[in-house]
Each structure stands twice: as structure tokens, then as C-alpha cells.
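Below: the structure, in C-alpha cells.
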Amino acid sequence: MTNQISRRAVVRGVGAATLAVPLAAWLSGCSRVETPGSAAGQTGTDLLALGKKQGYLRVAIANEPPYTQVNPDGTVTGAEPDVFRAVCKRLGIPDIQGVVTPYASMIPGLNANRWDAITAGLFMKQSRCSQVAYSEPVIVSTESFAVAKGNPKKILTVAGVLANKDLKIAVLPGGFEEGILKAAKVPAAQQVKVNDGRSGIEALTAGRADAFFLPTLSLDALAKADTSFEVTAPIPDAPRTGSGAAFRKSDSSFMETYNKELKAYKDSPEFDALMKKWGFDAAAARGSTAAELCKNEG
């Protein structure tokens with residue numbers, strides 16, 4: 001989905017000067033050149049003061065609708081950045097800038113001060129929660145498999161994958177689903193690493209994988225443009241998952257302020273409308289906590 005009013009930039013790649021267009025909240029923005037780490041993410045920085053002074057914060061994103069979405073014109077939207085943008089506006093920070101990066105690089109990049117937060121549907125689990133500080137959740141999600149039409153190999157559970165050593169499951173490196181398979185002790189030989197949603201479906205249709213493991217809503221979004229596969233019902237033995245914005249642990253003061261404003265936003269009708277737009281259950285987000293979701297293994 002797109003937002004025809006707002007202009008949101010995406011910075012592609014890290015480690016070199018990159019083109020960035022400010023992700024103006026509900027306004028058109030001008031382009032600028034940013035060098036990662038030059039203006040944001042400095043150790044000891046007061047993020048609230050920094051965001052107000054420079055007019056934006058930088059966030060790591062993916063391109064996995066409905067969590068995050070990069071449109072053909074370079075604008076960025078999706079449930080996670082849209083919520084972050086709305087809360088930042090309430091805090092007096094008018095803008096955000098997005099940096100597209102692989103899931104496996106998001107936390108290292110955050111802790112290396114390449115961006116100020118992660119807003120990418122990076123699901124909470126023990127290993128991640130030990131490295132970063134998560135806000136309270138804004139989305140809660142289920143997991144499914146993309147399978148061939150008719151699901152000929154009857155792939156329905158993680159336990160079923162573990163029991164059949166011939167099955168190969170496509171996953172995103174560093175993704176929550178990879179962690180689920182590792183926690184279930186599914187051998188690495190049964191895991192096919194893919195770069196993104198489209199390459200996961202290509203691995204499935206080309207026969208390199210028997211299923212593609214991804215959040216249900218992500219697979220539903222892919223299925224709207226590709227009818228060559230089907231999406232299973234939510235996997236009963238996959239843990240309940242959810243995400244919020246992730247911050248450096250040293251930015252606890254900003255996160256506390258952010259969480260207070262996030263709570264007010266989650267109690268507003270605007271939050272319900274945003275969640276409905278992207279297909280999420282607002283009540284599920286209000287009924288879960290970061291402490292609960294951080295107990296997920298992996």
C-alpha cells in the first residue's frame with residue numbers, strides 16, 4: 001500500500017555516501033546527501049534533542065510488506081515506519097529517513113551508530129532483546145508457509161519439517177523464522193537462505209525449496225501478485241511473534257519517552273485505522289508486552 005500524501009526517502013546500502021530523501025510525515029520532502037553516522041547515532045547523543053534539532057531520525061527498514069514497503073518512487077511506508085513516524089511527530093520530530101538493510105545487519109548497524117532505531121518488523125526474541133531495547137509492541141503476527149498449490153507434501157508444522165529430513169525450507173538470514181527453525185533444531189542442511197520475499201517464492205517455484213517460512217501477512221501480500229503458490233493456515237507450533245521499534249540500550253531515556261507517547265497513540269482511533277490499513281489487529285498489539293514477546297527462544 002502507498003500513502004499518496006507523504007514523501008519518505010530510502011537510503012540504499014551503508015558504508016558509503018548514499019542518497020537520502022527525508023521521509024516527511026504527510027509532506028513532500030527535499031533530497032539530501034547523507035553519510036551514515038555523520039549526523040545521527042553518535043554515542044551518548046540525546047535522541048530527542050537530536051531529532052528535534054535536525055528534523056529527523058534515521059531508521060533501518062526492510063522491504064517486506066506489510067511491515068515495511070519501499071515504493072517504486074523511493075517512498076517508504078508500512079506499519080512499522082508509519083507508527084514510528086506518527087509517534088515521532090507527537091514528540092516534535094517531524095521526519096524520519098529510512099535505510100534499507102538486511103535483517104541480519106540491523107542490530108549490528110544500530111549498535112555501530114549507523115541509524116537511530118530499527119522499524120522493520122524485527123520480531124522480538126531472547127537473543128535480540130539481549131542486544132537492543134524494544135519499545136512496547138505495535139504489531140503482533142502469526143507465521144505460515146508458502147507451499148505449492150494443494151500443499152502436496154503436507155507441510156503444516158515446524159515439527160513436521162523436523163520429522164522429514166527431505167524437506168527444504170526457505171528462510172531469510174537473520175529473520176525470526178530462521179531462529180524458530182534453529183530453536184527447533186531443524187538442521188542447517190534443510191534451510192535454504194534467500195535474500196527477500198520474491199527470491200523465497202522463486203526458490204519455492206523452482207523446486208529449490210519445498211516451502212517458504214515467513215509471517216502470514218507477508219506471504220498474503222506476496223500472494224496478491226503471484227498465484228503460483230498458496231499460504232498455509234497459521235503454524236500452530238510457531239511462537240506468537242511481535243515487534244516494535246528497537247533502540248540502543250544506551251538510549252533508554254528516549255525509549256521511555258517514546259513508550260509514553262506510543263501508549264497514547266495506541267489508545268487513539270488513528271492507531272486502529274493504521275493497523276486496519278495494513279491488516280494487523282490493533283487489539284492484539286495493545287494486549288501484548290515487550291517483556292512477554294522477548295521470552296521467545298532464538
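Limited to the stretch 81-116, what total is found for residues that are farther than 16 Å from ALA133 by Cβ and either surrounded by 18 or more Cβ atoms within 10 Å (Cβ to Cβ) or under 16 Å from the mean Cα position of the chain (by Cα) (or both)?
Selection size over the stretch 81-116: 21.
Of the residues GLY174, GLY200, which single one is outside any strand (DSSP E or B) and at positive phi?
Residue meeting the stated conditions: GLY174.
Taking THR227, is it out of contact with any helix residue (DSSP H, G or I) (no Cβ under 9 Å at 6 or more places or on another chain), closer than 28 Å to GLY109 by Cα and not assigned by TED's automatic domain parsing to the domain that holds LEU122?
no
Those residues that are assigned to a loop (DSSP other than H, G, I, E, B) and under 16 Å from ASP220 (Cβ atoms), I need them from the stretch 64-77; list them, please.
GLU64, PRO65, PRO66, TYR67, THR68 - these are the residues of the stretch 64-77 that are assigned to a loop (DSSP other than H, G, I, E, B) and under 16 Å from ASP220 (Cβ atoms).
What do you reckon, is ALA79 touching a strand residue (DSSP E or B) at 6+ places or on another chain (Cβ under 6 Å) and at pLDDT 95 or above?
So ALA79 passes the test.
Being over 23 Å from ASN63 (Cβ atoms), surrounded by 14 or more Cβ atoms within 10 Å (Cβ to Cβ), at pLDDT below 95 and aliphatic (A, V, I, L, M) is true for just one of ALA233, ALA284. Which residue is that?
ALA284
So how many residues does the stretch 287-298 have that are within 24 Å of ASP220 (Cβ to Cβ) and surrounded by 14 or more Cβ atoms within 10 Å (Cβ to Cβ)?
4
Only one of these is closer than 20 Å to ALA117 by Cβ and out of contact with any helix residue (DSSP H, G or I) (no Cβ under 8 Å at 6 or more places or on another chain): LYS249, LYS266. Name it.
Exactly one of LYS249, LYS266 is closer than 20 Å to ALA117 by Cβ and out of contact with any helix residue (DSSP H, G or I) (no Cβ under 8 Å at 6 or more places or on another chain), namely LYS249.
From the list ALA133, ALA159, ALA188, ALA163, which one is surrounded by 16 or more Cβ atoms within 10 Å (Cβ to Cβ), at pLDDT 95 or above and among the small types (Gly, Ala, Ser)?
Going through ALA133, ALA159, ALA188, ALA163 in turn, just one is surrounded by 16 or more Cβ atoms within 10 Å (Cβ to Cβ), at pLDDT 95 or above and among the small types (Gly, Ala, Ser): ALA133.
With the structure loaded, tell me whether GLY207 is out of contact with any Lys or Arg (no Cβ under 9 Å at 6 or more places or on another chain), at pLDDT 95 or above and not β-branched (Val, Ile, Thr) or whether it fails that test.
Criteria met by GLY207.
If you take the residues in the stretch 254-281 that are over 15 Å from PHE84 (Cα atoms) and of a type in the set (Lys, Arg), which one is surrounded by the most Cβ atoms within 10 Å (Cβ to Cβ)?
Checking each candidate, the answer is LYS277.
State which residue pairs qualify: first residue part of a loop (DSSP other than H, G, I, E, B) and inside the stretch 214-243, second residue among the charged types (D, E, K, R) and buried (at least 22 other Cβ atoms within 10 Å of the Cβ) in any location, beta carbons under 7 Å apart, and separation of 6 or more residues or different chains.
The qualifying pairs are PRO234/GLU143; ILE235/GLU143; ALA238/GLU143.
Among the residues that make up the stretch 191-208, is at least one of them among the β-branched types (Val, Ile, Thr), touching a strand residue (DSSP E or B) at 6+ places or on another chain (Cβ under 7 Å) and closer than 27 Å to ARG85 by Cα?
Looking through the stretch 191-208, none of the residues is among the β-branched types (Val, Ile, Thr), touching a strand residue (DSSP E or B) at 6+ places or on another chain (Cβ under 7 Å) and closer than 27 Å to ARG85 by Cα.
The values are calculated or read from the model by the stated rules, or taken from the named source; none is laboratory data. Predicted, not measured: the structure shown is a model, and the values here were computed from it. Reconstructed Cβ throughout: ideal geometry from the backbone, glycine too, with neighbour counts over all protein chains shown.
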